[in-house]
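Working notes, structure below.
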Amino acid sequence: MAVIATRGLTKRYGRVVAVEDLNLEVEEGEVFGLLGPNGSGKTTTILMLLGLTEPTSGEARVLGLDPMREPLKVKAQVGYLPDQVGFYGELTAWENLRYTTRLLGLPEAEARARIEEVLRRMGLWEVKDRRVSAFSRGMRQRLGLAEVLLKKPRVAILDEPTLGLDPEAAREFLDLIKGLKAEGITVLLSSHLLHQVQEICDRVGLFHKGRLALLGTVEELSARVLGGGYEVLVEASPGLEAHFQTVEGVGRVEAEGGRYRVLATRDVRSELARIAVAHGELLGLALRRPSLDEVYAHYFKEVAHAA
Amino acid sequence: MRREGSPWTGLWAVFFKEMADHLSGLRMRILEGLILLSALAAVYTGSQALRQTVGEDPYLYLKLLTTAQDPLPSFVGFLSFFVPLAAIALAFDAVNGEYARGTLSRVLSQPIYRDAVLIGKFLAGLGTLAVLLLALLLLVLGLGIFTLGVPPGGEEVGRLLFFFLATLAYAGVWLALGLLFSVLFRQPATAALAAIGVWLFFAVFFPILTDLFATALLLQADPFDPESQLRQASLALWFSRLSPNTLFAEALTAILNPAVRSLGPILITQLEGAVLGTPLPLLQSLLLVWPQLTGLFALAVLLFTLAYVAFQRQEVRA
């Protein structure tokens, strides 16, 4: 059963279309990335899934429930980490979470136990009595994730979870998100930092101007858009494009002197190496997974050309 | 489309959190200090003035609250000045402050409705003011017993209770106004300024306007026709009652002064058989100000409803 399903979901603000005709299914236990630049409709989609914004048309189902009709049941099982998550600065981390447990209606003993558990897990137990106003951006973000876990959610929706974090903190945070997946929590995350989140996403949906333009795994998308799921960088003698092109599975070859960029649907490193050695010298060979940024840029360049 | 689940879920969590914030906040401490100091000063001078006449007045404590001695206004005067300010100070950043801190979307993603947030905030403000007022009243009573040496009578305590309720209704009006502006304006400073602007208008400019209006109306009246004069005077009074301040002042006048028999123009024929200067029983005084109290209550409900509707339609994202 799809945990999140939308059919023809549309949101308009006056004449501005924020999200148009969104059809999306997120399966249980997967990490789904809602990717796209700022203002492409990611946050609006998330708010509609939580019942915080009313869709203009179409419908959404989260865990089989309609977020507009039964928002309380949806929100009891779905954790949400907003972008630019804010806490009450004059309260301590512990007090902030205590307020959340009260809103959740958890009994006292249970609340205490859960708060301790999530704070320890996020590495914030030592600073639980510190005011949140003294927290760094990374600590706030982890406190936000702690709050999401407080619910013991079946689905976690994270809006721009790595925004504003330094690379190290971002990597740590992505590891924490991987941990959610290991626990069986379905994760829907949105981001405009495509390269950062691509490796933790099982599937991604690329948004462009309110429309879901591409949907699939990173490999599928790069195969479809760039003509190859594998990108091999070769450094060898010049003039080998035609030879490389004959290898089975190679989609496209870009050459610049002795540097080649080969896009293929499978790992063609050994064939390329053989060709390079046969016709001259092989200086370097590297396999690189194409980044989603390229997929995105390439796809929308093509779309713009076609239009 | 019907939504399911109770709108009251989480109400008390919001209420207690907000109330704790108010009671421990610096803003409230400053207000408490201000109100306490001015109230004590007013009561002290009042009690000095009353000392000479302790034995003669059956409603000593009501006098204590309403006696003004230059240059200080009475306790009631102080209160009607400070209560709107305190209410606005508690409410002006209630909603837009949550937006600014980025906490609103987080709170609303918990299994509660927006109703709980808004109602909880309103009730917390009202609760805070109730605690403050009650403490102040008891303090004044204690001080009165201390300086005057006479315990308050049952009728007096009853009147003080209704004075308390009327003040609470008045505070509710300004609280709801502050809440409304905190929903309408994204900047807390703008909301505060707008609310204080409205308060200034009713405190300073509205009386001037009503005076002008009344004078203009009287000039229109036929000087030889008392009926037309009465009509114009009633119209002027009606106009002045559009202000919550007038309603509150009238309510206090009748509640705290049992000798008051009418809040409008009265004809000599209506006074036939009346023993002037004798106090009315509490229930009769209450009957006199029932419209005023209802008006204050209705105004608070109306403003709160506007805030509620605006908040429900607002987008969550900042």
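Every residue, every condition in (1) within 17 Å of the chain's Cα centre (by Cα); (2) assigned by TED's automatic domain parsing to the domain that holds A:L49, yes or no:
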{"residue": "A:N96", "(1), (2)": "no, no"}
{"residue": "A:A146", "(1), (2)": "no, yes"}
{"residue": "A:L150", "(1), (2)": "no, yes"}
{"residue": "A:L163", "(1), (2)": "yes, yes"}
{"residue": "A:E172", "(1), (2)": "yes, yes"}
{"residue": "A:S191", "(1), (2)": "yes, yes"}
For the stretch A:53-74, enumerate the residues that are within 21 Å of the chain's Cα centre (by Cα) and either facing another protein chain (nearest Cβ under 9 Å) or outside any loop (DSSP other than H, G, I, E, B) (or both). A:A60, A:R61, A:V62
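Residues B:L141, B:L161, B:L209, B:L219: which one is in contact (Cβ under 8 Å) with a residue 12 or more places away in the chain and not small (G, A, S)? Talk me through it step by step, then tell me what you get.
Numbers: B:L161 fails: in contact (Cβ under 8 Å) with a residue 12 or more places away in the chain; B:L209 fails: in contact (Cβ under 8 Å) with a residue 12 or more places away in the chain; B:L219 fails: in contact (Cβ under 8 Å) with a residue 12 or more places away in the chain.
B:L141 is the lone residue from the list that is in contact (Cβ under 8 Å) with a residue 12 or more places away in the chain and not small (G, A, S).
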Where residues in the stretch B:276-318 are within 14 Å of chain A (Cβ to nearest Cβ) and in a helix (DSSP H, G or I), which of them is farthest from the chain's Cα centre (by Cα)? B:R313
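Of the residues B:S105, B:S47, only one is modelled with pLDDT under 85, part of a helix (DSSP H, G or I), of a type outside the set (A, V, I, L, M, F, W, C) and surrounded by 20 or more Cβ atoms within 10 Å (Cβ to Cβ); which?
After applying the criteria, what remains is B:S47.
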Identify, by number, the condition in (1) part of a strand (DSSP E or B); (2) touching a helix residue (DSSP H, G or I) at 6+ places or on another chain (Cβ under 9 Å); (3) under 21 Å from A:V148 (Cα atoms) that A:V26 doesn't meet. (2)
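Could you tell me whether any residue of the stretch A:44-56 is β-branched (V, I, T), assigned by TED's automatic domain parsing to the domain that holds A:G79 and out of contact with any strand residue (DSSP E or B) (no Cβ under 6 Å at 6 or more places or on another chain)?
Quick first cut of the stretch A:44-56, residues β-branched (V, I, T) only: A:44-46, A:53, A:56.
Filter again for assigned by TED's automatic domain parsing to the domain that holds A:G79, leaving A:44-46, A:53, A:56.
Add one more test, that the residue is out of contact with any strand residue (DSSP E or B) (no Cβ under 6 Å at 6 or more places or on another chain), and what stays is A:53.
Taking every residue of the stretch A:44-56 in turn, at least one turns out to be β-branched (V, I, T), assigned by TED's automatic domain parsing to the domain that holds A:G79 and out of contact with any strand residue (DSSP E or B) (no Cβ under 6 Å at 6 or more places or on another chain).
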Considering only helices (runs of 4 or more DSSP H) wholly within the stretch A:78-194, the ones with at least 3 residues that are more than 26 Å from A:L35 (Cβ to Cβ) and more than 10 Å from chain B (Cβ to nearest Cβ) are A:93-104, A:108-121
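Do we have B:R3 as surrounded by fewer than 15 Cβ atoms within 10 Å (Cβ to Cβ), in contact with a Leu (Cβ under 8 Å, 6 or more places away or on another chain) and touching a residue at least 40 places away in the same chain (Cβ under 8 Å) here? Walk me through it before giving the result.
Values: surrounded by fewer than 15 Cβ atoms within 10 Å (Cβ to Cβ): yes; in contact with a Leu (Cβ under 8 Å, 6 or more places away or on another chain): no; touching a residue at least 40 places away in the same chain (Cβ under 8 Å): yes.
Spelling it out, it is not the case that B:R3 is surrounded by fewer than 15 Cβ atoms within 10 Å (Cβ to Cβ), in contact with a Leu (Cβ under 8 Å, 6 or more places away or on another chain) and touching a residue at least 40 places away in the same chain (Cβ under 8 Å).
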How about the stretch B:157-182: which of its residues are surrounded by 24 or more Cβ atoms within 10 Å (Cβ to Cβ) and either more than 14 Å from the chain's Cα centre (by Cα) or basic (K, R) (or both)? B:R159, B:L179, B:L180, B:F181, B:S182
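The values are calculated or read from the model by the stated rules, or taken from the named source; none is laboratory data. These numbers were taken from a predicted model, which means no experiment stands behind them. Note that each Cβ is placed from the backbone with ideal geometry, even for glycine, and that neighbours are counted across all protein chains shown.
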